[in-house]
1. Considering only residues that are within 16 Å of I103 (Cβ to Cβ), without any contact (Cβ under 8 Å) to a residue 60 or more places away in the chain and outside any strand (DSSP E or B), which ones fall in segment 142-164?
2. F20 fails exactly one of the following numbered conditions: (1) under 30 Å from Q93 (Cα atoms); (2) surrounded by 12 or more Cβ atoms within 10 Å (Cβ to Cβ). What is the number of that condition?
3. Looking at segment 95-114 only, could you name the residues that are within 18 Å of the chain's Cα centre (by Cα), in a loop (DSSP other than H, G, I, E, B) and not β-branched (V, I, T)?
4. So, of the residues in segment 57-94 that are assigned to a loop (DSSP other than H, G, I, E, B) and of a type in the set (D, E, K, R), which turns out to be most open to solvent (accessible area, probe 1.4 Å)?
5. For the subset of segment 95-114 comprising residues that are open to solvent by less than 80 Å² (accessible area, probe 1.4 Å) and under 22 Å from F154 (Cβ atoms), which member is modelled with the lowest pLDDT?
6. Quick one: which of S176, S150 is open to solvent by less than 20 Å² (accessible area, probe 1.4 Å) and farther than 19 Å from R83 by Cα?
7. Kindly provide the set of residues from segment 63-83 that are modelled with pLDDT of 90 or more and under 21 Å from V119 (Cα atoms), ordered by number.
8. Just the residues that are among the hydrophobic types (A, V, I, L, M, F, W, C) and within 31 Å of the chain's Cα centre (by Cα), please, taken from segment 3-29.
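The values are calculated or read from the model by the stated rules, or taken from the named source; none is laboratory data. Predicted, not measured: the structure shown is a model, and the values here were computed from it. Because the Cβ atoms are built from the backbone with ideal geometry, glycine has one as well, and the counts that use them run over all protein chains shown. Keep in mind that these areas ignore ligands, DNA and RNA; they rest on the heavy atoms of the full protein, side chains included. Shrake-Rupley method; radii C 1.70, N 1.55, O 1.52, S 1.80 Å.
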Amino acid sequence: MSDSSLGRLKINRLSGGEVFHEDGQSAGFEVLDFWRWSTSDLVMNTTRGILAEYIVARALGVSTDRAREEWGAFDLRTDDGLRIEVKSCGYVQSWAQEKLSTIQFVVPKRLGWDPDTNVMQTEARRHADVYVFALLAHKDKATIDPLNLSQWRFWALSTKDLDDRERSQYSITLNSLRSLAGDPVGFADLRATVEQVARRNEADV
């Protein structure tokens, strides 16, 4: 029998002003100090991926009033119930490069996990309805700015289209993505593009 006191932890969104302390005695630094230290490098792969999720959420009108869920089977859910998975790549990296990075999005099928029950599914699959591919497309290292939405390009592709691919089921190159999804769109047009892909997918079912 499971211990009810060990159920899923409720995560409240922080403001940044919360203080580190020793049993209520302030240690003199705040959560905002931690955020500045840990995630100021928005170009770094791991942070850029989370940033891409946030940007896509804002583009799609998905509420960000709750804290991000780290281990969900998919990244976002729209007000209409559409499940979204976000994948991110960039040409420019934080480290010294001999050349710009080759763009390839990793899109494997995977086991879903339920954080409420701690139960893992037994069959690997894609759990989202639509995949959004977010490319930090700027190529000049001196002026790279992930906060500049004009430096991002987006594609939307239905999970069905990914599942039906005859090529690799683990990853997709930029050329393959363009052949399936067409030209990229900017931040302002992403919501309409995702909705269009979802409607087309429903019509094909």
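1. Residue satisfying the conditions is Q151 alone.
2. (1)
3. Hits for segment 95-114 are P108, K109, L111, G112.
4. Within segment 57-94, the match that is most open to solvent (accessible area, probe 1.4 Å) is R66.
5. Taking the candidates together, the pick is P108.
6. Within the list S176, S150, the selection yields S176.
7. If the condition is that a residue be modelled with pLDDT of 90 or more and under 21 Å from V119 (Cα atoms), then R68, F74, D75, L76, R77, R83 are the ones that fit.
8. Listed by number, the residues that qualify are L6, L9, I11, L14, V19, F20, F29.
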